[in-house]
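Structure record follows, encoded as structure tokens.
The values are calculated or read from the model by the stated rules, or taken from the named source; none is laboratory data. These numbers were taken from a predicted model, which means no experiment stands behind them. Cβ placement follows ideal geometry from the backbone for every residue including glycine, while neighbour counts extend to all protein chains displayed. All accessible areas refer to the heavy atoms of the entire protein, side chains included, with ligands and DNA or RNA removed. Shrake-Rupley method; radii C 1.70, N 1.55, O 1.52, S 1.80 Å.
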There are 2 protein chains.
Amino acid sequence: MQTLNNEATTDQTKKYSLIDTDIHERVMYEDLFPYLGQPWRRYIEDCHWQQEKHMPFTQPAVAGVDRADAKTPDGKPAGTSLPFMQEQLLDANNHEFGILTGALDPSPSSMHGWYEMATALASAYNDWQINEWLDKDSRLYGSVHIAAQEVANAVKEIERVGSHPKMIQVLLPIDDIAWGDPYYHPIFEAAERHDLMIGMHHNEPPAPLGKWPRYFIEWHSLIATSHMAQITSMIFNGVFEKYPNLKLMMIEGGFTYVPFLMKKLDQQFKDLRHEVPWVTTMPSDTIKNRMAFTTQPLEEMSKKEWNLLVEQMGTDEIICFSTDYPHWDYDSPDEAMPKGLEDDVLERIYGENARKFYPKLPARGDV
Amino acid sequence: MQTLNNEATTDQTKKYSLIDTDIHERVMYEDLFPYLGQPWRRYIEDCHWQQEKHMPFTQPAVAGVDRADAKTPDGKPAGTSLPFMQEQLLDANNHEFGILTGALDPSPSSMHGWYEMATALASAYNDWQINEWLDKDSRLYGSVHIAAQEVANAVKEIERVGSHPKMIQVLLPIDDIAWGDPYYHPIFEAAERHDLMIGMHHNEPPAPLGKWPRYFIEWHSLIATSHMAQITSMIFNGVFEKYPNLKLMMIEGGFTYVPFLMKKLDQQFKDLRHEVPWVTTMPSDTIKNRMAFTTQPLEEMSKKEWNLLVEQMGTDEIICFSTDYPHWDYDSPDEAMPKGLEDDVLERIYGENARKFYPKLPARGDV
């Protein structure tokens, strides 16, 4: 672990062990070349292949999707440089650990064709991630990328890199696949075998009502609804009964929708459980015991508002702090949380809930 | 107003004026024939045309989508008989008023082609509704059905029947159209001209993630997410600034998602309002002042849980009781509400909020 040079800071939040559950490292296609065999490499190098993109919006923040100040000193896109991320994020905030969740591109499981290319990209990405990030900074933990459409190959990829000590979850994009479908269950089985959790992050979720809305603000407001759909799919397809050690981290959807969803799913389960007899646990208990939620984008709120939400959920142990670095709506550890929360609460949110969630993270003081 | 024969009942809820904001009357196609000109009638009569249906689920409740005991005495589908509905619903519960919202079929605005047929069906439906229901029971108020895809014709239909004293809202289905789109604004303009509110009710909203989920329980759990999408669309497309007297009733989506949505939209508005400069009001204020929500399906909850939700919303004046008669998950006025709520709260929820919302409903004691 490298020496931290800001231990003398008096920032209040630095007394907590900070585990940041959503950091977006980004690859440039050319950086994947050393890890990408032929013929795949030539499609990028010679044919200028890029992953399909559908979102029609110009990102409305001034600097696009990223913090303006996160562009690297040599002018490359935010998230592409480990040293710059170390300086701007990990050292500055005194991170104990950070979990890499990738950028939108490539997102192999979101490709709507050419699954062999998707499989090759996933492998190259994992090798790049391990060599360029995970093996170079003891604070960073990673996500196994797969091309889930090809389940057998996805399982092979999990077998190939899932035992790396710094890989702690399998990443699935939230897009147009409902992951509870039994077709994908071998992925969960393989994840469970390697003590990997499932992390889910939206990529370009199909627009609400099946079409793109007119404005980015509409789309961005409704991201959480695609998270709700995945939780509902995973629960009622019986994934958590079938894989008793599997847990699900919902990334970058916030958590303020969880009280509503718990109540809704419990009531529907009481009314309609005869349709899904393989589900034996109340949905709110499954959410409490088998899921967690990264905080960003955390709405500004008072301590009282925070406590109401926790009272409705019945626990605060499913909330894990995240910055979403380097995106435009980055949540600073010093600013994002409501003021006045108790020490033990902050200790859980900033780090201990995530440590408990991911079995491959070192115990406290174990590093 | 007909004589009520159950005034002597001691049921607690009967002391409140009950305005039921969601009652599903149902038409049999042949009942539309007297109101449907040619060539439209012959497509049904001779060609057995039926509106397209997509939902793949067998309704899992024992009697299908309806209460088993709501089938009419002569064996017709639930909701088709005024006398039977009077007996089973209006008289039994001592309804002061009930608002008809139609059944799923026909849902002219949901048709994906042949808009002229949709327009003809909407007109026939309105005439049938007026003649067979609204003019025959003083307690019943109605919804103007339109084929919104053909905006000019939809406006004509609003002009044609919108001034009927018992028509109180224009009904729009929640399906795959985001109603905030300016293309549809002439409908809101026409509604406003006739003191009609907008009522929105899901028909077959496109499945979350753009596909049908595997089970009815998933689809049913996620209905509220399609309501959230419409509210978001209406707010950020500036409908409420443009039509200052227009209000929106969200029907059969419940209201327990509203605290989440208020907080989410307010934060997004703070962050991204530069994209939608025509929006000048905080979304939560628009929700509080320009929308209301019918209660059904109301999750079972304690008084304390109810009060937490009201505290988060900052008001209980946007909640309007509904039974959703005759659907399988009907909410009885005697059973659905949390126990122990104060008299003034119940008075608002059971009737006064709806009376305030719909300007064409008679004032209290005015009938």
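Can you tell me which of A:102-110, A:301-309 comes out highest on packing, and rank the rest after it, using the mean Cβ neighbours within 10 Å?
So the peptides A:102-110, A:301-309, ranked by packing, come out A:102-110, A:301-309.
Chains B and A: what accessible area do they bury, summed, in square angstrom to the nearest 100, with a 1.4 Å probe?
Its buried surface, counting both partners, is about 5300 Å².
Counting only C-alpha contacts under 8 Å and six or more residues apart, can you give the relative contact order of segment A:34-139 as a whole percent?
31
Using only DSSP helix segments of four residues or longer, with each worth -39500 (n - 2.57), what per-residue ellipticity at 222 nm results for chain A after dividing by its residue count and rounding to 500?
-8500 deg cm²/dmol
For a quick protection proxy, order the peptides A:149-156, B:45-52 by their average other-Cβ count within 10 Å, most packed first.
A:149-156, B:45-52
Using a ≥ b ≥ c from the Cα gyration tensor of the protein assembly as shown (square roots of the eigenvalues), is it rounded, prolate or oblate, where a/c under 1.5 gives rounded and otherwise the larger of a/b and b/c decides, a/b for prolate?
The shape class here is prolate.
So how far apart, in nm, are the two label points at B:Ser332 and A:Lys211 if each is 7 Å from Cα heading toward Cβ?
For the pair B:Ser332/A:Lys211, the computed spacing is 4.3 nm.
Rounded to the nearest 0.05, what FRET efficiency is calculated for A:Lys15 and A:Lys303 with R0 set to 22 Å and r the Cβ-Cβ distance?
The calculated FRET efficiency here is 0.75.
Please say if segment B:185-319 is rounded, prolate or oblate, where rounded means a/c under 1.5 for a ≥ b ≥ c the square roots of the C-alpha gyration tensor eigenvalues, and otherwise the choice is prolate for a/b larger than b/c and oblate otherwise?
rounded
What part of the accessible area of the protein assembly as shown, given as a whole %, is carbon or sulfur when the probe is 1.4 angstrom?
Of the solvent-accessible surface of the protein assembly as shown, carbon and sulfur hold 49 percent.
Sorted from shortest, what are the nm distances separating the label point of A:His112 from equivalent points in the other copies, each placed 7 Å from Cα along Cα to C-beta?
1.5
What is the antiparallel percent of DSSP beta bridges lying wholly in segment B:14-357, to the nearest 5?
That works out to approximately 5 percent antiparallel.
Compute the label-point distances linking B:Asp343 to its equivalents in the other copies; points lie 7 Å from Cα along Cα→Cβ; give nm, one decimal, shortest first.
Here B:Asp343 shows inter-copy label distances of 5.1 nm.
For segment A:83-121, which GluC sites (Glu not before Pro) are both in a DSSP coil and crowded by at most 16 other Cβ atoms within 10 Å?
Of the GluC sites (Glu not before Pro), not one in the loops of segment A:83-121 has a Cβ with at most 16 other Cβ atoms within 10 Å.
Straight-line reach from B:Lys247: which lysines have Cα under 24 Å away, leaving out those fewer than 8 places along the same chain?
Cα-Cα hits under 24 Å: B:Lys156, B:Lys166, B:Lys263, B:Lys264, B:Lys270, B:Lys288, B:Lys356, B:Lys360.
Using a basic spin-label model with each label point 7 Å from the Cα along Cα→Cβ, how many nm lie between A:Arg160 and B:Tyr183?
About 4.5 nm separates the two model spin labels.
Return the residues of segment A:177-225 for which accessible area with all protein chains present is lower than in the chain on its own by 50 Å² or more; set the probe to 1.4 Å and exclude ligands, DNA and RNA.
Hits at the 50 Å² cut-off: A:Leu209, A:Arg214, A:Tyr215, A:Ile217, A:Glu218, A:Ser221, A:Leu222.
Along each principal axis of its Cα atoms, how long is segment A:14-357 end to end? Whole angstroms, biggest number first, please.
Sorted largest first, the three principal extents are 56, 45, 44 Å.
Trypsin sites (Lys or Arg not before Pro) within segment B:33-96: which are DSSP loop residues with at most 14 other Cβ atoms inside 10 Å?
Counting only loop positions with at most 14 other Cβ atoms within 10 Å, the trypsin sites (Lys or Arg not before Pro) in segment B:33-96 are B:Lys53.
Would you mind putting A:15-25, B:333-343, A:280-290 in packing order, based on average other-beta-carbon counts within 10 Å, highest first?
Descending mean neighbour count gives A:15-25, A:280-290, B:333-343.
In nm, what does the list of distances from A:Lys360 to its counterparts in the other copies look like, shortest first, when each label sits 7 Å along Cα to Cβ?
So the label point of A:Lys360 gives 6.3 nm to the other copies.
What does the average come to when, for each residue of peptide A:252-265, you count the partner chain Cβ atoms lying within 10 Å of its Cβ?
Partner-chain Cβ atoms within 10 Å, mean over residues of A:252-265: 5.
Just to be sure I understand: chains A and B are related by a rotation, so which residue of A has its Cβ closest to that axis, and how close in Å?
A:Thr225, 2
Assuming 0.36 nm per residue, please report the length gained on full extension of the stretch A:Val151 to A:Asp31 beyond their Cα-Cα distance.
40.6 nm
So with the 1.4 Å probe, I'd like the accessible area per residue for the protein assembly as shown, rounded to whole Å².
Per residue, the protein assembly as shown has an accessible area of 36 Å².
What is the distance in Å between the Cα centroid of segment B:166-212 and that of segment A:123-197?
After rounding, the separation between the Cα centres reads 42 Å.
Using 1/(1 + (r/R0)^6) with R0 = 56 angstrom and r between the beta carbons of A:Glu87 and B:Lys76, what's the FRET efficiency to the nearest 0.05?
Efficiency at R0 = 56 Å is approximately 0.15.
Is there a simple number for the mean count of other chain Cβ atoms within 10 Å of the Cβ of residues in A:270-279, and what is it?
That works out to 5 on average.
Counting only other chains, what is the mean number of Cβ atoms within 10 angstrom of the Cβ of each residue in peptide A:310-318?
Counting other chains' Cβ atoms within 10 Å and averaging over A:310-318 gives 1.
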